[in-house]
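Read the structure below first, then the notes.
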């Protein structure tokens with residue numbers, strides 16, 4: 001059976017945001033703002049939860065949104081996600097690119113981020129490094 005194809009014109013599509021669950025929003029902010037150099041574009045509190053949106057400097061739109069495990073979820077789903085975040089086995093890795101991997105690596109290390117891998121050239125091509133954010137999320141940074 002063949003797949004139907006769309007033969008119309010191409011429409012523009014872009015990623016609106018990438019959610020990242022953290023156990024402590026305040027602890028995660030310095031990692032993403034100061035360590036990765038993202039800008040806070042929105043900080044919303046509602047119903048006992050908080051969502052902080054970050055953007056890429058010089059680019060329109062939010063790049064990612066951090067929030068606690070219960071934000072926008074049922075209590076059961078929030079509890080299940082909390083258990084994963086606490087274990088450090090949440091979704092990810094989240095992969096960023098930079099034009100200066102060494103400077104980004106040193107900035108994150110100086111900020112106290114947990115280093116998983118120092119900058120190396122991978123067998124499959126990119127030069128990258130890896131960290132855990134304060135909640136344990138796996139973050140990789142590739143040299144652009």
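The values are calculated or read from the model by the stated rules, or taken from the named source; none is laboratory data. These figures come from a predicted structure and were not determined experimentally. Reconstructed Cβ throughout: ideal geometry from the backbone, glycine too, with neighbour counts over all protein chains shown.
Answer yes or no: is there a residue in the range 126-133 that is assigned to a loop (DSSP other than H, G, I, E, B), at pLDDT 90 or above and touching a strand residue (DSSP E or B) at 6+ places or on another chain (Cβ under 8 Å). The answer is yes; a qualifying residue exists. Of all the residues in the range 73-92, those that are part of a loop (DSSP other than H, G, I, E, B), within 19 Å of the chain's Cα centre (by Cα) and loosely packed, with under 15 Cβ neighbours inside 10 Å number 3.
With the condition kept exactly as written, say whether any residue in the range 100-115 is modelled with pLDDT of 90 or more, assigned to a loop (DSSP other than H, G, I, E, B), closer than 21 Å to residue 15 by Cβ and within 16 Å of the chain's Cα centre (by Cα). Looking for residues that are modelled with pLDDT of 90 or more, assigned to a loop (DSSP other than H, G, I, E, B), closer than 21 Å to residue 15 by Cβ and within 16 Å of the chain's Cα centre (by Cα), one finds none in the range 100-115, hence no. Taken together, 52, 85 contain a single residue that is closer than 16 Å to residue 24 by Cα, in contact with a strand residue (DSSP E or B) (Cβ under 8 Å, 6 or more places away or on another chain) and modelled with pLDDT of 95 or more, which is 52. Going by what's in this entry, would residue 95 be described as touching a strand residue (DSSP E or B) at 6+ places or on another chain (Cβ under 6 Å) and within 13 Å of residue 131 (Cβ to Cβ)? So residue 95 passes the test.
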